[in-house]
1. Against the empirical 2.2 N^0.38 Å scaling, what ratio does the C-alpha Rg of the chain come to?
2. Using a 7 Å offset from the Cα along the Cα-to-Cβ direction at both Ser47 and Ile297, what is the distance between the two label points in nm, to one decimal?
3. By DSSP, what percent of the beta bridges with both residues in region 7-242 are antiparallel, rounded to the nearest 5?
4. Percentage of Cα-Cα pair distances in region 247-310 greater than 18 Å, rounded to whole percent?
5. Please say if region 62-129 is rounded, prolate or oblate, where rounded means a/c under 1.5 for a ≥ b ≥ c the square roots of the C-alpha gyration tensor eigenvalues, and otherwise the choice is prolate for a/b larger than b/c and oblate otherwise?
6. Name the longest site-free stretch of the chain, where the excluded sites are GluC sites (Glu not before Pro) in a DSSP loop with no more than 14 other beta-carbon atoms within 10 Å.
7. On a full-extension model of 0.36 nm per residue, what is the gain between Leu61 and Leu251, subtracting their alpha-carbon distance, rounded to one decimal in nm?
8. Given a 10 angstrom Cα cut-off, can you work out which residue in Ile88, Ile243, Ile261 is the most mobile in a GNM of the chain?
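Just so you know, all these numbers are worked out from the coordinates, no wet-lab data involved. In this text the structure is predicted, and so the values were computed from the model without any measurement. So basically every Cβ, Gly included, is an ideal-geometry build from the backbone, and we count neighbours across all protein chains shown.
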Amino acid sequence: MYKDKKIAVVIPAYNEGGLITDTLRGMPDFLDTLYVVQDGSTDDTLSRILAEQQNDGRIVLINHKVNMGLGQSLIDGYKASKASDNDITVVMAGDNQMDPDDLPNLLDKIIEEGFDYVKGNRLLHHDINEIMPHYRLIGNTILTFMTKFATGYFFMMDPQCGYTAIKNSVLRQIPIEKMVKGYGYNADILCMLNIRGFKVADCEVRPVYGNEKSKIKLMKYIWNTGLLQIKLFLRRLWQRYVIRDFHPLILFYIFAFFNTIFIIIPFTIRFFIMYFREGEVPKTTLTILLFTLMITIQSILFAIWMDMDYHKYK
């Protein structure tokens, strides 16, 4: 236990034969249950987990005979934990990439400061530029910007960090079974939390890069996650500002959307057609286009401002 709270950890593992042993042996003594989700590995991951299970009675194996994806691994781990008497569930990867020494800081945010969900933030670390590979840092920055809008947690950074902790009482209130099955689960669970008004916090963690090999194809990941976040953004607006609690900011977003679809895009096309056909700038078209563009940008800025202000809490 940690400060009178029972703590579980979900450890997804896919082809982590070279690192899973060190990961399990490095788990702090105050953790009560280790849900290790073996996701159809083709190496010796399963045998290594079974070997460690003989020496550590905290290990509960969840064995996928075929690979089902990171999202499904987390769903199964979360489901097992929320059905137990644990108070908090942590997620730590099976590749030994998350420093156990940072875990008390995450837990204290929940236990002592009253947050519902805490996620690691590697970007706060003082030497992040030297530790994190540059291509990951660039990709992380792009995804951070998109995830702010998709989830409504505008203060948040490093949303792709999988080092997280959540109250089990909160876990039971969100449809975790519907979380996306592959990468992108980070934004999905944050969207679920935002719709229901839960308090989320960042916590500085140390980025660890060693012998692990990332299974993410960065550009494909950014593209797929970007499409997912558009879907999450629309879901959040509908659920939070129409179904659960009407807010006028939705009208600003709708106004900007219709202006873009029915005026800005058609008049931009019209502008270039007339310009190349007649060899001169069509002044009326340009005036309408610029005026509409200006009020559309203002509408979006007002909506973002109200969205940010709505989610402020002390």
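1. 1.17
2. So the label points at Ser47 and Ile297 sit 6.3 nm apart.
3. Once the DSSP bridges in region 7-242 are tallied, antiparallel ones form about 30 percent.
4. 44 percent
5. Oblate, because a/c is 1.5 or more while a/b does not exceed b/c.
6. Formally, the longest exposed-site-free interval is 114-279.
7. Full-extension gain reported as 63.5 nm.
8. Ile261
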